[in-house]
Amino acid sequence: MVDLFGKKKLEDRVLELEEARAALELDKEEFMRTLEKREEKIRKLTSANQEANLALKAMEQKAAAVSLSPVAEEDFGEEKLPKSWKPGKRELDILLQRLKACSSPKDDLLVASFPGPVPEEVSLPLQAKKAALAIKSPRGKIILYYPQLFALLLIPPFPIQESASWEGSTFQLDLFSEVAETPVLVVSAHAGDTFLGVAMSREGFEVLEFVESQVKEKHSKGGWSQKRFERLREEDIKNHVDAVQEKLSMLLAKYGTIVKYAILSGDESLTRQIKPSIGLPIVERRLEPHDEKQLDSLLQEVYGFTCYRIEI
């Protein structure tokens, strides 16, 4: 049949126009989605910009207050000291792994160790210097500083002998390996129960010695009875100290040239009497009383660091 009026062509044209309209609708929807995303991004950027301006204004006000107030230059008050924590062996290893992963293209990662005040040549932010001044330690301090990110202050288990500092693209952490491999003699002295141990590293004790003897408990009665009791108790303690010194002499004869420090802890009256017999550099510590079944905990304390995170 002949299409005299071109109906077929018109129908085809209508289909083409409908397809074109559908394509335009899809384009319109895509443009609308793009426009919504752009407006959302603009809203977020505007909000972030406002927050940044507020933070900057607050920092400027704080900086102005610090520059005007002489109190800001004073040492930490007791309530403002950074909080400390004592990481266990595994936690310390994880911390060191994370520190090893840190890097800086500016070669400005700093590790500084010093037995006393912070050396003048060590460049640190004010808060880190104030913390180092406020936190007291007879064993010295170690500071790790990542500019604009964080600062850590650590009290080592053994004394820092001399000041040293390192800067580079990564943290110089050899000092921590040296501490972990330092041979020590451990003396945990308590009335009637003293532990002597030699450790070549933090991995475990090589030698264990327990000195146990009868020491009378404290007496509550008065008069001559109490004096007599105290005299007998003092004799018991002296006998215990003699037994400890005998074991100590044997250990020193074998390991005295190997161990670097004697870690001394326990009852003050006992440690005072034992100290002259040691003949090694002594590090006096306040350790938990030893437990024969948990000597790993004692060793962890001996080689443990006290850590402070300083806000910068």
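Taken together, the values in this text are just the output of simple stated rules run on the coordinates, not laboratory data. Treat the numbers as computed from the prediction; the structure is a model and nothing was measured. No Cβ is skipped: glycine too gets one built from the backbone with ideal geometry, and neighbour counts run over all protein chains shown.
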Subject >> Spatial separation of Cα centroids for segment 128-179 and segment 241-265, in angstrom >> reply: 30 Å
**OP:** Mind checking which aspartates and glutamates have their Cα closer than 17 Å to the Cα of LYS293? Skip sequence neighbours fewer than 8 apart in that chain.
**Re:** ASP193, GLU203, GLU206, GLU209, GLU212, GLU301
Original post:
DSSP loop trypsin sites (Lys or Arg not before Pro) in segment 256-312 with at most 11 other Cβ atoms within 10 Å of their Cβ, which ones?
Top reply: ARG286, LYS293
Original post:
What would the Debye formula give as log10 I(q)/I(0) at q = 0.22 Å⁻¹ for the alpha-carbon point model of segment 105-196, no solvent?
Top reply: -1.11
Original post:
R0 = 45 Å: FRET efficiency of ARG98 with ARG231, Cβ-based, nearest 0.05?
Top reply: 0.20
Subject >> Subset of LYS100/LYS129; LYS136/LYS275; LYS41/LYS83; LYS89/LYS254 violating a 31 Å alpha-carbon distance limit >> reply: LYS41/LYS83
Original post:
Once the piece of chain linking LYS136 and MET32 is laid out straight, how much longer is it, given 0.36 nm per residue of separation minus the C-alpha distance between them?
Top reply: 31.0 nm
Original post:
Where Lys and Arg each count +1 and Asp and Glu each count -1, what net charge lies around TRP85 among other residues with Cβ under 11 Å from its Cβ?
Top reply: +2
Subject >> FRET efficiency estimate (nearest 0.05) - Cβ-Cβ, GLU203 to GLU246, R0 25 angstrom >> reply: 0.35
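Shape of segment 184-302 from its Cα gyration tensor (a ≥ b ≥ c, root eigenvalues): rounded if a/c is under 1.5, otherwise prolate when a/b > b/c, or oblate?
Judged from the Cα gyration tensor, segment 184-302 comes out prolate (a/c at least 1.5, a/b above b/c).
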Subject >> Selected from GLY279, LEU299, LEU154, residue furthest toward positive end of dipole (segment 153-312; charges at beta carbon) >> reply: GLY279
**OP:** Could you tell me what percent of the DSSP beta bridges with both partners in segment 184-302 are antiparallel, to the nearest 5?
**Re:** 60 percent
Subject >> Of the GluC sites (Glu not before Pro) in segment 252-311, those whose Cβ has at most 14 other Cβ within 10 Å and which sit in DSSP loop >> reply: GLU292, GLU311
Original post:
So what J values fall out for segment 194-205 if you push phi through Karplus, 6.51 cos²θ - 1.76 cosθ + 1.60 with θ = phi - 60°, rounded to Hz, Gly and Pro as x?
Top reply: 10, 10, 10, x, 10, 10, 7, 6, 6, 6, x, 7
